[in-house]
Amino acid sequence: MAYLQFLGAAGTVTGSKHLINTSSDLSGKRGLQVLIDCGLFQGKKGWRLRNWQDTPVPAREIDAVVLTHAHLDHCGWIPRLVKEGFKGRIYATPSTIDLCSVILPDSGHLQEEEARFHNKRGTSQHDPALPLYTLQEAEDCLHLFQPVEFGQIKELGPEISFRFVHAGHILGSCMVELFLRQNGREHKSVFTGDIGRVPENPDAPGRVVHAGPEAGEDAEMLVMESTYGNREHPHEDVRPQLARLISDTVHRGGSVVVPAFAVERTQKFLFLLKQLMEENAIPRVPVFVDSPMAIKAVEIYLKYTDEFNEEARQLVKKFGSPLEWPGFTFASKQEDSMKINEQHYPCIIVSSSGMVAGGRVLHHLMHRLPDPRNQVIFIGFQAPGTRGAIIKSGAKSVRIFSEEIYIRAHVAALEQFSDHADTAELLRWLRTFKSPPRTTYLVHGEPEATSRLRYAIMSELGWEVEVAEWLQKVPLV
Ligand SMILES: [Zn+2]
């Protein structure tokens, strides 16, 4: 009997890993073993420690990885899997592969930096502290990736094949339709990965958004994310609010610092700034994009504009490449980054990391937080415990590079930028199903969000819904 085992993103939002085994019994290796997503656990220490545990089946016995998208909580464990002995293929869309070739080496670099930090401070139980994987190890696994276009059926063996369909979450993101042929019948399961905003949604005027998840699915089993299972995103146009924040800051002689993830979020935000400047809704102050990954990511974005919705495609067509906009400077070298700190006139600085966990944004905040003329604008999720969450909460100070930095700058958070469907949108997407799945398993959510979404689906649609548990095995047919 073929089964599915939840190896991550069960009871939490990170570490997505779902193992398919086409074996005829529950003892393990016999059939084909396929991992859908291979994500890093992030956030609380208890979860992060799981990154150091082996998979329940030896990595060398896993035959293939099928990847939904390039976020680290879905792809960031791949170099570790390869380090443990995985030798199979990693299937992903071409744009996901391009993004992984930027994101995975950067993750290896951060792992090395973290190990160095612990060794310097003596703050690890291990001597020496080692990285989960290195930049080199991340680069070495890129040759295992094999592109599969959206809509193309890919055979993995006589019993099993899959197809990628659009998820509309970030560039390259897809759902996996898995087809299992057993006992003369074909059984279809759908793994959603992360689900983007639902199309025709008026939430995002002027923003760069993807075309949304594919409507009209059908599946015997649905494995679905539940990140915002208890949330409604704000629905108003973000532009007037953003324009007011920027204009007020410039008028009082201050600068704006925007912590943002270098890939996707930064590119989308730049198009919004450009648009506001062209409409004369904000003053034309210099914009600095300070993130080594952002330049590479811009190029990848412009290569795959067909994945955006029509309005976003028109925006890209109208304004062209952000790398060529006058007044927008991309800092690739450390020296360029330091020069931004010497800038005494109002400017806008977009820099990573988005949750202020590390990266160049630390320097900018260290310089700009103590001055009440300045403004910090958060445009992404701030996980509890991160510096971003502390600054956003209205704290009077925050620790950066072992120094207590006073927060006198204005702080705002714009929640409209989410790339995840909220509860109402998830239900709207489920209503497009041709028939209800036999079972729906909810993954990728904090327990409260998952249980609220389970209740909403059961009461509004009458479907059978279960909450996935870590290491739980469930039959696939
Ligand atoms: Zn994601």
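The values are calculated or read from the model by the stated rules, or taken from the named source; none is laboratory data. Just so you know, these numbers come straight off a predicted model, no measurement behind them. All Cβ positions, glycine included, derive from the backbone under ideal geometry; neighbour counts span all protein chains shown.
In segment 197-213, the condition of being within 16 Å of the ligand (Cβ to nearest atom), assigned to a strand (DSSP E or B) and either at pLDDT below 95 or not aromatic (Phe, Trp, Tyr) (or both) is met by at least one residue. GLU446 meets the conditions (1) within 27 Å of the chain's Cα centre (by Cα); (2) surrounded by fewer than 19 Cβ atoms within 10 Å (Cβ to Cβ); (3) away from the ligand (no atom under 16 Å from the Cβ) in every case but one. The failed one is (3).
Only one of the listed residues (GLU225, GLU217) is acidic (Asp, Glu), touching a His at 6+ places or on another chain (Cβ under 8 Å) and modelled with pLDDT of 85 or more. That residue is GLU225.
Please tell me if LEU414 is surrounded by fewer than 19 Cβ atoms within 10 Å (Cβ to Cβ), within 23 Å of the chain's Cα centre (by Cα) and free of Cβ contacts under 8 Å to residues at least 40 places away in the same chain. Criteria not met by LEU414.
Residue count for segment 177-191 satisfying the condition of being surrounded by fewer than 24 Cβ atoms within 10 Å (Cβ to Cβ), within 17 Å of ASP37 (Cα to Cα) and either within 14 Å of the ligand (Cβ to nearest atom) or over 22 Å from the mean Cα position of the chain (by Cα) (or both): 1.
Quick grid of which residues meet (1) touching a strand residue (DSSP E or B) at 6+ places or on another chain (Cβ under 6 Å); (2) within 16 Å of the ligand (Cβ to nearest atom):
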position	(1), (2)
ASP37	no, yes
LYS44	no, no
PRO56	no, no
ALA59	no, no
LEU72	no, yes
PRO79	no, no
ARG89	yes, no
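Quick one: would you say MET221 is of a type in the set (A, V, I, L, M), within 16 Å of the ligand (Cβ to nearest atom) and under 23 Å from LEU35 (Cα atoms)? The answer is no for MET221. The number of residues in segment 449-477 being over 23 Å from the mean Cα position of the chain (by Cα), of a type in the set (Gly, Ala, Ser) and surrounded by 14 or more Cβ atoms within 10 Å (Cβ to Cβ) comes to 1. Restricting attention to segment 377-406, the residues being under 26 Å from ILE246 (Cβ atoms), among the basic types (Lys, Arg) and in contact with a helix residue (DSSP H, G or I) (Cβ under 9 Å, 6 or more places away or on another chain) number 1.
Filtering THR68, THR22 for residues that are more than 16 Å from the ligand (Cβ to nearest atom), at pLDDT 90 or above and of a type outside the set (Phe, Trp, Tyr) leaves a single hit, THR22. Sub-6 Å Cβ pairs linking a first residue in segment 161-188 that is of a type in the set (Phe, Trp, Tyr) to a second residue that is in a strand (DSSP E or B) and within 16 Å of the ligand (Cβ to nearest atom), at least 6 apart or interchain, are PHE162/VAL66; PHE162/VAL176; PHE164/CYS174, ordered by first then second residue.
The residues of segment 121-176 that are under 29 Å from PRO213 (Cα atoms), of a type in the set (Asp, Glu) and within 25 Å of the chain's Cα centre (by Cα) amount to a single one, GLU149. Based on what the data block shows, is ALA10 surrounded by fewer than 24 Cβ atoms within 10 Å (Cβ to Cβ), at pLDDT 95 or above and touching a strand residue (DSSP E or B) at 6+ places or on another chain (Cβ under 7 Å)? Against the criterion (surrounded by fewer than 24 Cβ atoms within 10 Å (Cβ to Cβ), at pLDDT 95 or above and touching a strand residue (DSSP E or B) at 6+ places or on another chain (Cβ under 7 Å)), ALA10 does not qualify.
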